[in-house]
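FYI, it's all coordinate maths here, none of it is from the lab. What you see is a predicted model; the values in this text were computed from it and never measured. All Cβ positions, glycine included, derive from the backbone under ideal geometry; neighbour counts span all protein chains shown.
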Amino acid sequence: MKPYCYGVDLGGTTVKIGRFSTGEAEPEKWEIPTRTEDGGSHILPDIAKAVLDNMKVNGICHDMVEGIGIGVPGPVEDNGFVHGCANLGWGPMNAAGILSELTGLPVRAANDANAAALGEQRAGCGRNYQSLVMITLGTGVGGGVVLNGEIVSGTNGAAGEIGHMQVVDPADIVGHCGCGRVGCLEQAASATGLVNMTRKILETSGKASCLRSVDDLSAKAILDAARDGDPLAQEAAEKMMHYLALAASLIASVVDPDAFVIGGGVSRAGAYLIDGIARHYKKIVFHAHRETPFIQAVLGNDAGMIGAAGLIWDGNK
């Protein structure tokens, strides 16, 4: 094993990059802006320059680097082919192949949520588990599947698209999901979905609620109010937990993971949310999966970068 590798977490606003070393406990980390103009044509050259500049400054030659792992916000096949990334301006392309040509280094790519799941499994809350499913709750709902220590990407690179499982009663939500369908988990369990669902309850329910005086309604405000006993906020939160538990129960019937990991900004609600999902899950899941634990992610924004590096360390053993 060569002494260095690079992990890259490609986001819509910034690119997080880490240089990992077999002899260092912590990676060197930095960020560059994600330049999405001109169809995202600058993104991979910018990443290549950032890595090559870091190698030059630190006196690292190519034969000292195992490769680059990159997490991409879109479906990615095992061969590095990306089926387009709308928020980057990308159409279909072999992102791994292009970055490899630009740097002269081996490159492996994965979906960013899958990379984050691998990061938690390798170095975070999932270190005691070989198989886990990570559900990320943010502006949308993402997911990653790691079985026996390896990412499951699927034939089209779209395994783990948990947010687009159609499990939500249309009566609880407003409009269509970003994918164009109605009833996706994302419409009830993302930060945006929880806010929209709560607004609908505020409009149709006569319950008193502190949320009625909140001008800028947010998922945090809703979950904080629910934790503090607000009945209307609790109604919305319980619906969210139910739908997350329903999705997890269906996943368990197919994958049977060691654990479910809950990450993303909404997961900062902590035990109130995690324990609530587990409570609903136990009521509806097939009995063989009833004791599957739900745990909170711990690596935060570093998970994707660590998992991306893991693509290289694991793939070149």
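How do MET1, MET55, MET93 rank when sorted from fewest to most other Cβ atoms within 10 Å of their own Cβ?
MET1, MET93, MET55
Modelled label-to-label distance, VAL57 and GLU26, 7 Å Cα→beta-carbon offset: nm?
Spacing of the two 7 Å Cα→Cβ label points: 1.7 nm.
Considering the alpha-carbon set of the stretch 125-298 alone, what are its Rg and its Dmax in angstrom?
15.8, 50
Test of understanding: what is the full-extension gain from ASP216 to GLN130, defined as 0.36 nm times their sequence separation minus their Cα-Cα distance?
26.8 nm
If you project the alpha carbons of the stretch 101-205 onto their three principal axes, what span does each projection cover, largest first, in Å?
Principal extents (largest minus smallest coordinate, Cα): 57, 35, 22 Å.
Exceeding 27 Å between C-alpha atoms, which entries from my cross-link table qualify? They are LYS16/LYS220; LYS2/LYS56; LYS16/LYS282; LYS16/LYS239; LYS29/LYS56; LYS2/LYS29. Spell out each step's value before the answer.
Working: LYS16/LYS220 25 Å; LYS2/LYS56 17 Å; LYS16/LYS282 37 Å; LYS16/LYS239 34 Å; LYS29/LYS56 16 Å; LYS2/LYS29 19 Å.
Too far apart for the 27 Å limit: LYS16/LYS282; LYS16/LYS239.
With a cap of 13 neighbouring Cβ atoms within 10 Å, and only residues DSSP puts in a loop, list the trypsin sites (Lys or Arg not before Pro) found in the stretch 98-129.
ARG127
What is the stretch 125-298's relative contact order, in percent, from Cα pairs under 8 angstrom and six or more apart in sequence?
Relative contact order, the stretch 125-298: 24 percent.
Restricted to Cα positions, what overall size does the stretch 1-111 have along the principal axes? Three whole-Å values, descending.
38, 26, 23
For the chain, state the semi-axes of the equivalent ellipsoid (square roots of 5 times the eigenvalues of the alpha-carbon gyration tensor), sorted largest first and rounded to whole angstrom.
Its equivalent ellipsoid spans semi-axes of 36, 21, 17 Å.
Mean residue ellipticity at 222 nm from the helices of the chain, using -39,500 (n - 2.57) per DSSP H segment of n ≥ 4 over the full residue count, to the nearest 500 deg cm²/dmol? Mind showing how you got there, number by number?
Numbers: 10 runs with 119 residues, N = 317.
The helix-only estimate for the chain comes to -11500 deg cm²/dmol at 222 nm.
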